[in-house]
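> Quick one: the structure is below, questions incoming.
The values are calculated or read from the model by the stated rules, or taken from the named source; none is laboratory data. What you see is a predicted model; the values in this text were computed from it and never measured. Using ideal geometry, Cβ is built from the backbone for each residue, glycine included, and neighbour counts are taken over all protein chains shown.
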Amino acid sequence: MEKIAILGTGYVGLVTGAGLADFGNHVTCVDLDESKIETLRSGKIPFYEFSLGEVVERNVREKRLSFTSDLQKAIKGARTILIAVGTPPGKGGEADLSQVFGAARTIAEQMTSYKLVVQKSTVPVGTGEKVHKLIAEVLKKRGKNTPFDVASNPEFLREGSAVEDFMRPDRVVIGTWSKKAEQILSEIYRPLYLSETPMIKTNVQTAELIKYASNAFLATKISFINEMANICEAVGGNVRTVARGMGLDGRIGPKFLHAGPGYGGSCFPKDTLALADFSKKIGVPSKIVGATIDVNKRQRLKMQEKVESLVGNLKGKEIAVLGLSFKPQTDDVRDSVAIEMIKGMQRKGATIRAFDPIAMETAAKEVRNVEFSEDAYAAAKGADALVIATEWNEFRQLDMNKIKKLLRSPKVVDCRNIYDPEKMRAAGFQYLSVGRAMNEGFSGSSEAKKPARKKKK
Ligand code: UDX
């Protein structure tokens, strides 16, 4: 049983804290924001994450998990300290590390015995080294020779299934520069050895890069299939079949090949920008990641263009938007395509009605003048077009006859390809999706505008 303090009770900090406590460790989650600590102490979770509440409650009850804003006490009481503070993007796309360095400095100022300082937040390669240097400098100034180690233990948690991802990860990455640090971290994750989870033990800089490389690769897969979707639209193909045809090749794999409105959320946009930024700064710019970012930006804009191609000028139009979170099973609207679309359509004079099963409260802080509806049907009533922006399960089985009657004109933009284009067209909808110009077995129709023929002179 390791005594652990986790600095930062955001998404990563809280899931990790609850998970490590569940593994039998003694965990104190620290946040300087006292109101957050009060919320947690009263048994509430400050954001929505499936089953996290149960795990937190169980471990608090069994006295393995506690919350405090007393940083000094938490540092004193723990041997291992995880830094899980925010690393928001700075102006140039670089990760803003001020909170990480702030946390490291505080640890160095207050430690009186050996500490293992573990970096959980996603940080550019080389940050571990900087943190090590910073702690050593502060200790030197204090005239102390207290031993410490710095390690990297990146997270791979998906929102909506973060608890499951923590309990049953594909792998655990442990980046250290000392045997002692490696042993402590291995022991913390001991329950996962029983389930034969692969453990990647490496140095700190490699661990830092594994995290960026993983996220950038997944983002690249998405941008790649979105490019193929655009090609499908131009040539009359079906991107879902392309993805299936590619994905069955074991070397490619079927996952993360869903064409859509481009990736969003708190990780991919931020991490791809940071990787592009720091790879450039160290003189080995990643061209592929740069292209992934560009394709994604373009893809997101294309969704609004699809709406415009159906309804024409957006001025004075009423548009119903279904789904506001960046993906289902979360109330997170960070870098959500739905939010970007809403703002873009409003700028062009459209009125927006929206519905999301969970994320309306968080969305209300990001957008203005949006009428939030009580369900999908209420949103559709009288609208000039319906946009499916997020693929919540409850949007997969809508009564389309009812929707058709409710809409002012039967126009649907399905950014997530959850409906069948032929069935929608047969039901009388003008229906646009992503990269599906036709159904299997049928050729000759194309969602894409045919290039204008040159007039013969
Ligand atoms: C991601 C990583 O999966 C996780 O390992 C990392 O630690 C944090 O970032 P998350 O952002 O929660 O997790 O969501 P994820 O399910 O990966 O989706 C990210 C974005 O990609 C979403 O906007 C989603 O809609 C989009 N996406 C995903 C696609 O457009 N197509 C796909 O095939 C998969």
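> Consider LEU65 carefully, then state whether it is surrounded by 15 or more Cβ atoms within 10 Å (Cβ to Cβ) and within 23 Å of the chain's Cα centre (by Cα). Outline the logic, then answer.
Details: surrounded by 15 or more Cβ atoms within 10 Å (Cβ to Cβ): yes; within 23 Å of the chain's Cα centre (by Cα): no.
Judged against the criteria, LEU65 is not a match.
> Answer with yes or no whether ARG300 is modelled with pLDDT of 95 or more, among the basic types (Lys, Arg) and farther than 18 Å from SER409 by Cα.
Working: modelled with pLDDT of 95 or more: yes; among the basic types (Lys, Arg): yes; farther than 18 Å from SER409 by Cα: yes.
Yes: the conditions hold for ARG300.
> Separate question: Is it true that some residue in region 315-324 is surrounded by fewer than 24 Cβ atoms within 10 Å (Cβ to Cβ), under 21 Å from the mean Cα position of the chain (by Cα) and either assigned by TED's automatic domain parsing to the domain that holds VAL163 or within 22 Å of GLY435 (Cα to Cα) (or both)?
No, region 315-324 contains no residue that is surrounded by fewer than 24 Cβ atoms within 10 Å (Cβ to Cβ), under 21 Å from the mean Cα position of the chain (by Cα) and either assigned by TED's automatic domain parsing to the domain that holds VAL163 or within 22 Å of GLY435 (Cα to Cα) (or both).
> Continuing with this model, one more query. Hey, does region 57-73 have a residue that's among the basic types (Lys, Arg), in contact with a Ser or Thr (Cβ under 8 Å, 6 or more places away or on another chain) and assigned to a helix (DSSP H, G or I)? Walk me through how you get there before you give the answer.
First, the residues of region 57-73 that are among the basic types (Lys, Arg): 58, 61, 63-64, 73.
From what is left, the residues that are in contact with a Ser or Thr (Cβ under 8 Å, 6 or more places away or on another chain) are none.
No: region 57-73 contains no residue that is among the basic types (Lys, Arg), in contact with a Ser or Thr (Cβ under 8 Å, 6 or more places away or on another chain) and assigned to a helix (DSSP H, G or I).
> A further question follows. Looking at region 391-416, which of its residues are within 16 Å of the ligand (Cβ to nearest atom), in a loop (DSSP other than H, G, I, E, B) and touching a residue at least 60 places away in the same chain (Cβ under 8 Å)?
Those that are within 16 Å of the ligand (Cβ to nearest atom), in a loop (DSSP other than H, G, I, E, B) and touching a residue at least 60 places away in the same chain (Cβ under 8 Å): GLU391, TRP392, CYS415, ARG416.
> Of these, LYS302, LYS327, which one is within 14 Å of the ligand (Cβ to nearest atom) and either aliphatic (A, V, I, L, M) or over 21 Å from ALA379 (Cα atoms) (or both)?
Going through LYS302, LYS327 in turn, the sole match is LYS302.
> OK, next. Given the options LYS255, LYS281, LYS221, LYS211, name the one that is among the basic types (Lys, Arg), in contact with a Pro (Cβ under 9 Å, 6 or more places away or on another chain) and within 10 Å of the ligand (Cβ to nearest atom). Spell out how you get there, then give the answer.
Details: LYS255 fails: in contact with a Pro (Cβ under 9 Å, 6 or more places away or on another chain); LYS281 fails: within 10 Å of the ligand (Cβ to nearest atom); LYS221 fails: in contact with a Pro (Cβ under 9 Å, 6 or more places away or on another chain).
Result of the check over LYS255, LYS281, LYS221, LYS211: LYS211.
> I would also like to ask the following. Using the structure shown, decide if CYS232 is at pLDDT below 95, under 27 Å from LEU322 (Cα atoms), crowded, with 16+ Cβ neighbours inside 10 Å and of a type outside the set (D, E, K, R).
No: the conditions fail for CYS232.
> Assuming GLY382 fulfils every condition listed in (1) part of a loop (DSSP other than H, G, I, E, B); (2) within 16 Å of the ligand (Cβ to nearest atom) apart from one, which condition is it?
For GLY382, the failing item is (2).
> Does LEU273 satisfy the criteria of being surrounded by fewer than 23 Cβ atoms within 10 Å (Cβ to Cβ) and over 16 Å from GLY92 (Cβ atoms)?
No: the conditions fail for LEU273.
> Being acidic (Asp, Glu) and loosely packed, with under 14 Cβ neighbours inside 10 Å narrows it down to one of GLU109, GLU94, GLU137, GLU129, so name that one.
Result of the check over GLU109, GLU94, GLU137, GLU129: GLU137.
Yes/no per residue for (1) of a type in the set (A, V, I, L, M, F, W, C); (2) farther than 21 Å from GLY160 by Cβ; (3) at pLDDT below 95:
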site: ILE388; (1), (2), (3): yes, no, no
site: ASN393; (1), (2), (3): no, no, no
site: ILE403; (1), (2), (3): yes, yes, no
site: LEU406; (1), (2), (3): yes, yes, no
site: GLN430; (1), (2), (3): no, yes, no
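> With respect to SER152, is the statement that it is crowded, with 17+ Cβ neighbours inside 10 Å and closer than 30 Å to ALA359 by Cα true? Spell out the reasoning first.
Working: crowded, with 17+ Cβ neighbours inside 10 Å: yes; closer than 30 Å to ALA359 by Cα: no.
The answer is no for SER152.
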